[in-house]
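These notes are about the structure you will find just below.
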Amino acid sequence: MKKYILSVIFSLGCLFAMAQQVEVLTVAEKMPEFPGGKTGLNEYLKKSIQYPEDAKKNATEGTCFVSFVVSSTGEVTGAQILRGADESLNREALRVINAMPRWQPGMQGGETVSVKFTLPVRFSLTVPPDKSKKDKK
């Protein structure tokens, strides 16, 4: 009888734990949005990224692909490097992503949901030419 009661308690505990897990979508009806949209995200990255001194010294450039989840409350969680560049650039990309303000959460079926994102963070010491100047010539 004790074994039966213990197995029922264990099973109920497992069901409760599974119910607590949140489904993370890769696509939602309404995707999460950074405050100010794409323009706001670009401005945030420009303002927040501090090029690591060792990377400047070694003229290191590259793109870090950072994966993270925008939770149903808009919080950025679980940031990790999927494909990185130099270690100092990877650390800086993670620092900036983890410091992001809350996003407007994604929506699915009228409810807020958690959505996984992958964001490329480009580190470049050279300034790309301005397209508008190119078009005028």
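The values are calculated or read from the model by the stated rules, or taken from the named source; none is laboratory data. Every value quoted in this text rests on a predicted model; they were computed, and no experiment measured them. Please note: Cβ atoms are built from the backbone with ideal geometry, for glycine as well, and neighbour counts cover all protein chains shown.
With a requirement of 1 or more residues that are within 16 Å of the chain's Cα centre (by Cα) and at pLDDT 95 or above, the helices (runs of 4 or more DSSP H) lying completely within the stretch 1-65 that satisfy it span 37-48.
Considering only residues in the stretch 49-67 that are over 24 Å from Gly106 (Cα atoms) and of a type in the set (Gly, Ala, Ser), the one that is surrounded by the most Cβ atoms within 10 Å (Cβ to Cβ) turns out to be Ala55.
Scanning the stretch 68-87 for residues that are closer than 23 Å to Val113 by Cα, crowded, with 17+ Cβ neighbours inside 10 Å and not polar (S, T, N, Q) yields Phe68, Val69, Val70, Gly74, Val76, Ala79, Ile81. When the residues of the stretch 66-115 are filtered to those that are aliphatic (A, V, I, L, M) and assigned to a loop (DSSP other than H, G, I, E, B), the one that is farthest from the chain's Cα centre (by Cα) is Ala85. Taken over the stretch 23-48, the criterion of being exposed (fewer than 10 other Cβ atoms within 10 Å of the Cβ), polar (S, T, N, Q) and more than 19 Å from Thr73 (Cβ to Cβ) is satisfied by Thr39 alone. Residues in the stretch 55-93 that are closer than 24 Å to Ala28 by Cα and among the aliphatic types (A, V, I, L, M): Val66, Val69, Val70, Val76, Ala79, Ile81, Leu82.
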